[in-house]
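Asker: I have a structure here, written as structure tokens, and I will follow up with some questions on it.
What follows draws every value from the coordinates through simple rules; no lab data is involved. Remember, predicted model here, so these are calculated numbers, not experimental data. Note that we place each Cβ from the backbone using ideal geometry, even for glycine, and neighbour counts take in every protein chain shown.
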Amino acid sequence: MDKWEYKSIKFETKGFFSTILEIEDFNFKLNELGNEGWELVSCIPIGGSDGQTLEVTAVFKRRK
């Protein structure tokens, strides 16, 4: 039976009035973790009361 370990990382949107996720930073981190054996399982947007996305939590897994 496979055993897994999990990691979650929060990516915040940039700017006071902006909900833009810096895609270059996001891709860099995804590739960095992929090279370490982590597989992206899910991305969960976290929003504020106004409906805008404030952050994205990315969940990863890899075999132990």
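Asker: All other residues with a Cβ under 10 Å from the Cβ of I44 taken together, and with Lys, Arg as +1 and Asp, Glu as -1, what is their net charge?
Answerer: So the surrounding residues net to 0.
Asker: Now a separate question. Long-range amide H contacts for L54: which residues qualify at under 5 Å (H placed 1.01 Å from N, peptide plane, sequence gap of 5 or more or a different chain)?
Answerer: For L54, the qualifying residues are I46, G47, G48.
Asker: Please report, in debye to the nearest 20, how large the charge dipole of the chain is about its Cα centre when each Lys and Arg carries +1 at its beta carbon and each Asp and Glu carries -1 there. Spell out each step's value before the answer.
Answerer: Numbers: 9 positive and 11 negative charges, 78 e Å.
The dipole of the chain has a size of about 380 debye.
Asker: Can you list the HN-Hα couplings for region 24-40, worked out from phi with the Karplus curve (6.51, -1.76, 1.60; θ = phi - 60°), rounded to whole Hz and with x for Gly and Pro?
Answerer: Taking θ as phi minus 60°, the curve returns 5, 5, 4, 5, 4, 5, 4, 5, 4, 5, x, 5, 8, x, 7, 10, 5 Hz for region 24-40.
Asker: Can you tell me how region 4-63 classifies by the Cα gyration tensor, rounded, prolate or oblate, using a/c under 1.5 as the rounded cut?
Answerer: oblate
Asker: List the lysines whose alpha-carbon lies under 20 Å from that of K29, not counting same-chain residues fewer than 8 positions away?
Answerer: K7, K10, K14, K61
Asker: Next question. Working out 0.36 nm times the residue gap between S42 and K61, then minus their Cα-Cα distance, what length gain in nm do you get to one decimal?
Answerer: Between S42 and K61, full extension yields 5.9 nm more.
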